[in-house]
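The values are calculated or read from the model by the stated rules, or taken from the named source; none is laboratory data. Since this is a predicted model, take the numbers as computed values, not measurements. Reconstructed Cβ throughout: ideal geometry from the backbone, glycine too, with neighbour counts over all protein chains shown. To get the accessible areas, we keep the full protein, side chains included, count just its heavy atoms, and leave off ligands, DNA and RNA. Shrake-Rupley method; radii C 1.70, N 1.55, O 1.52, S 1.80 Å.
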Amino acid sequence: MAERMRLHKFLAKAGIGGRLQCEGLIADGHVTVGGQVVREMGHLVDPERDDVRFEDRRLKLEPKVTFAFNKPAGVVCTTSPDVRRPKVVDYFRDVPFRLYTAGRLEEDSEGLVLVTNDGDLAERVTHPRYQIAKTYIVKVRGRVERETVQAIRQGVWMAEGKTSPAHIRPHKIGREVSQLEITLFEGRNHEIQRLFARFGHQLIGLKRIRIGHLRLQQLPRGAFRRLDERDVEQLVAT
């Protein structure tokens, strides 16, 4: 008999999603064990013997795989079959595992996204408490003044509190459009858009170029590469 594990952990290791997402699926009654709906987070299962199902599909543990993907603008990160727009997972139809994105980029944004079936890694990359650095090239309307850059570096008050200090470096400052590189450690919802809007600048372009130690580099739009064990270990250790 295999070592028993908590149900939400088993779901994450079976490639359903990050642990928090799996907890929500359990609470909402989407998971059965032995034909019975289970809503208890601490429920223990035998990964080899128990009949655990999600959406009536029996689950089993999968080898962990993670890919770096250069998301083009116009592609969405959701896995919902109800969404008709192009999805990140559409690029991975030949990969024989259930994959999802670890962290999101908005439809109009582009750049580095991690695509994985590793729930532990997904939680590590996306949860704010781990403060994994994510670096972006942003374009905004108008001239970004030195005082604005300094304020963002120190943290800006928003409705839910003060943002963590960010690393920000101007690339090209113009009267009509400014381009900057910014590194965040929190990942609040629409944080970059809201930061610049706070100072009257509309976000018109965003490209993520780094997550932790991992850089986008010369990966073409719409292309991906599988991460090796060293890449994953460095992400987890960040």
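How much net charge surrounds residue 158 when only other residues with a Cβ under 10 Å from its Cβ are counted (Lys, Arg +1; Asp, Glu -1)?
Values: positive: 162, 188, 194, 198; negative: 160, 191.
With Lys, Arg at +1 and Asp, Glu at -1, the neighbours total +2.
Rg over Rh of the stretch 114-229, using C-alpha atoms and the Kirkwood radius, what does it come to? Kindly include the intermediate steps, with their values, before the conclusion.
Numbers: Rg = 15.2 Å, Rh = 15.3 Å.
We get a ratio of 0.99 for the stretch 114-229.
Leaving out ligands, DNA and RNA, what percent of the accessible area of the chain is carbon and sulfur, probe 1.4 Å?
Numbers: 5930 of 13130 Å².
About 45 percent, which is the carbon plus sulfur part of the accessible surface.
Looking at the P(r) of the chain, how many percent of alpha-carbon pairs lie beyond 32 Å? Spell out each step's value before the answer.
Numbers: 8003 of 28203 pairs.
Result for the distance tail: 28 percent.
Explain nothing, just the number: dipole magnitude of the chain about its Cα centre with +1 on each Lys and Arg Cβ and -1 on each Asp and Glu Cβ, in debye rounded to the nearest 20. Show your work: numbers first, answer last.
Values: 42 positive and 32 negative charges, 190 e Å.
The calculated dipole for the chain is roughly 920 debye.
From the phi angles alone, apply the Karplus equation (6.51, -1.76, 1.60; θ = phi - 60°) to the stretch 98-108 and give each ³J(HN,Hα) in whole Hz, x where the residue is Gly or Pro.
7, 10, 8, 8, 9, x, 10, 10, 5, 4, 7
Go through 61-70, 197-206 and give me the packing order, highest mean Cβ count within 10 Å leading. Could the numbers behind the result be given before it?
Values: 61-70: 18.1, 197-206: 15.6.
My ranking of the peptides, most packed first, is 61-70, 197-206.
In what sequence, highest mean first, do 116-124, 159-167 appear when ranked by Cβ atoms within 10 angstrom? Walk me through the intermediate numbers first.
Values: 116-124: 22.0, 159-167: 12.6.
Most protected by this proxy first, the peptides run 116-124, 159-167.
Which order do the peptides 180-187, 4-11, 51-58, 27-34 take when ranked by the mean count of other beta-carbon atoms within 10 Å per residue, highest first? Present the calculation step by step, with values, prior to reporting the outcome.
Values: 180-187: 17.8, 4-11: 20.9, 51-58: 13.2, 27-34: 15.0.
Result, highest mean Cβ count within 10 Å first: 4-11, 180-187, 27-34, 51-58.
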